[in-house]
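Derivation of every value follows stated rules applied to the coordinates shown; laboratory data play no part. Given the structure is predicted, the values throughout are model-derived calculations rather than measurements. Note that each Cβ is placed from the backbone with ideal geometry, even for glycine, and that neighbours are counted across all protein chains shown.
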């Protein structure tokens, strides 16, 4: 198992423990099953982000791919610093 897979599993388990088994996707907000979980860089590496835990979040593989295809994540109009859900 790669180091990134171990990091993903560790972050997933930490979030699941904190939220009583519910792990929301960082992009869409829906529950992510362990098998469908991917690591998402909140601030992309291409924009100066890093792979430290505070810059990583869990997302669905599909949501992660769609985000990269669009090139950006829309911010919530009501909550500054949060992602717009349900896009």
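Please state the relative contact order of segment 3-70 as a whole percent: Cα pairs under 8 Å, 6+ residues apart?
So the answer I get is 30 percent.
Take each of the peptides 20-32, 41-53, average the number of other beta-carbon atoms within 10 Å over its residues, and list them starting from the highest.
In descending order of packing, they fall as 20-32, 41-53.
What does the extension gain come out to for residue 53 and residue 5, with contour length at 0.36 nm per residue minus their alpha carbon separation?
Full extension of this stretch gives 16.0 nm more.
Just for the Cα atoms in segment 3-70, what are the lengths along the principal axes, largest first, rounded to whole Å?
33, 22, 17
State, to one decimal in nm, how far the label point of residue 65 lies from the label point of residue 31, with both points 7 Å from Cα in the Cβ direction.
Here the modelled spin labels are 2.3 nm apart.
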